[in-house]
1. What spacing in nm lies between the two simple spin-label points modelled at residue 67 and residue 8, each 7 Å away from Cα in the Cβ direction?
2. So what's the net charge close to residue 45: Lys and Arg +1, Asp and Glu -1, counting the other residues with Cβ under 13 Å from its Cβ?
3. Over segment 75-178, what is the mean sequence separation of C-alpha contacts under 8 Å (at least six apart), divided by residue count, expressed as relative contact order in percent?
4. With a Cα-only, solvent-free Debye model of segment 118-166, what are the log10 I(q)/I(0) values at q = 0.21, 0.24, 0.32 Å⁻¹?
5. Any chance you could list P(r) for segment 84-199, counting all Cα-Cα pairs in 10 angstrom bins from zero, rounded to whole %?
6. Loop-only check: which trypsin sites (Lys or Arg not before Pro) in segment 132-199 are DSSP coil with at most 16 other Cβ within 10 angstrom?
7. Can you tell me the relative contact order of the chain? Whole percent, Cα pairs under 8 Å, sequence separation 6 or more.
8. May I ask which residue of 195, 43, 17 lies farthest towards the positive end of the charge dipole of the chain, with charges of +1 (Lys, Arg) and -1 (Asp, Glu) on Cβ and the Cα centre as origin?
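Throughout, read-outs are computed from the coordinates displayed, never taken from laboratory work. Everything quoted here is computed from the prediction, not taken from an experiment. Cβ sites come from the backbone with ideal geometry, for glycine too, and all protein chains shown count toward neighbours.
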Amino acid sequence: MFDLDASLPAEIVPLSWLLGVWEGSGVLSYKIADETREHEFGQRVAFTQDGTPHVQYTSSSWLLGGEEPRPLFSEIGYWRLARPLGDADPGPGMLPGLGSPVFQTAEAVETLRNGDGGFDLEVSIVHPGGVSELYLGQVKGPRIDLATDAVVRTASAKEYAAATRLYGLVEEHLLWAWDIAALGQDLRTHASGRLARLE
């Protein structure tokens, strides 16, 4: 059972079902030329909130199957409802906003609902291997669909061109799937997992 925190900023409510720490396992499988690489992994994901109109995201994973789990992958990011930023929003940089925020009530946030009945999202995620992703998509009830709008790589990063991600709350578990276009391959299945809420 999930209880909504009444102190959450109104803009966070459509994403509130994500908040907390989740842990579980998943499978990665990716075909490169004629070889398919498959592994089982463990994962811990945290969606946190600090009173600002965005959700902070961290994820770490480790390979399973050996004598000891081995660190595999981590990423960090920010999730927010897509809307034009106004004078009351902070930034750029550390500049404080001026005036009162517009989207402080449920009624104001409802005006952001899209024609499909969901809310448009902007998600930025950074990988430690020199890749930054900007996803656009939507949250509609307990389901999120995302696709990369931009991928930026450092000169030393491995080739990575595009991705889609899907998240859903099913029987109180967070299920997710991630497809990527990387290493010269078209967009294809990469990894999926099933996570239980820890806190």
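1. Roughly 4.5 nm, to one decimal.
2. Numbers: positive: 44, 165, 194, 197; negative: 23, 75, 199.
So the environment of residue 45 carries a net charge of +1.
3. Working: 174 pairs, mean separation 19.5, N = 104.
The value is 19 percent.
4. -0.68, -0.81, -1.17
5. 12, 30, 33, 22, 3
6. Details: sites: 140, 143, 153, 158, 165, 188, 194, 197; in loops: 140, 158.
Passing both the DSSP loop test and the Cβ count: 140, 158.
7. On the way: 439 pairs, mean separation 38.0, N = 199.
Dividing the mean separation by the residue count of the chain yields 19 percent.
8. 43
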